[in-house]
Amino acid sequence: MYLDWTINYDELKNYSLTEFDNEDGAVYGCIVLKLGKYQIGHLTNSITINEGNDDISFYVDNLIICGIHILKGNPFKLGLLSSNLLEISVEFNESVIINIFNKSDRKIEYTYTLSLENMIFEIKSVYEKYIKDIKDTNESLLQSKLISKTMEIYEEFLELIRIQPNL
């Protein structure tokens with residue numbers, strides 16, 4: 001599993017904390033999710049492109065929330081913002097099973113399996129990159145409502161890892 005993005009740096013660096021909290025208050029850019037050979041979204045290699053409209057905050061938060069659900073033994077479903085036709089379903093049964101469904105006919109488009117340890121590693125890596133990107137671009141936004149909420153969700157995730165006997 002691989003989640004990566006390029007944020008709209010120019011847009012993000014110009015926000016004040018108040019503007020960020022009072023306006024949309026999300027981190028936008030271009031995002032890609034790779035599950036083996038299956039890919040959703042795309043990244044541009046050009047650092048001059050600052051026009052992505054993918055809500056990176058939404059995907060980072062939901063990846064962490066997905067980890068919380070899996071650690072609690074619950075399945076997780078997520079409709080993709082960039083596609084009203086696809087839904088991701090994640091469950092744990094000895095390994096983490098990710099299914100991409102077509103919403104119109106409920107057929108599975110792709111299935112990807114990974115270990116719980118790999119999923120935890122990916123969630124930690126994504127969170128660290130997200131926080132670093134924000135800190136490097138506009139550190140004051142780390143105090144925003146949105147990023148504070150993400151940090152709280154991540155702390156809940158870490159607490160669940162701490163209480164798991166085999167992790």
Ordering 54-67, 114-127 by per-residue average of other C-beta atoms within 10 angstrom, highest first, gives 54-67, 114-127
Identified option (computed Kirkwood radius over Cα pairs in Å; candidates [x] 16.7; [y] 19.5; [z] 16.0): [x]
Using a simple spin-label model with points 7 Å from Cα along the Cα→Cβ vector, what separation in nm is obtained for residue 110 and residue 155? 3.6
Quote the charge dipole size of the chain about the Cα centre in Debye, to the nearest 20; the model charges only the Cβ of Lys and Arg (+1) and of Asp and Glu (-1). 560
With a ≥ b ≥ c the root eigenvalues of the C-alpha gyration tensor of region 69-131, is it rounded (a/c under 1.5), prolate (a/b larger than b/c) or oblate? oblate
In degrees from 0 to 90, rounded to the nearest 10, what is the angle of the helix 145-163 Cα long axis to the longest principal axis of the chain? 30
When only C-alpha pairs under 8 Å and at least 6 residues apart count, what is the relative contact order of the chain, in percent? 22
Rounded to the nearest 10 degrees, the helix 116-138 long axis (Cα) sits at an angle to the longest Cα principal axis of the chain of 10
Mind checking the angle between helix 56-71 and the chain's longest principal axis? C-alpha axes, 0 to 90 degrees, to the nearest 10. 30
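Each value in this text was obtained by applying a stated rule to the coordinates, not by laboratory testing. Computed from a predicted structure; not experimentally measured. Note that we place each Cβ from the backbone using ideal geometry, even for glycine, and neighbour counts take in every protein chain shown.
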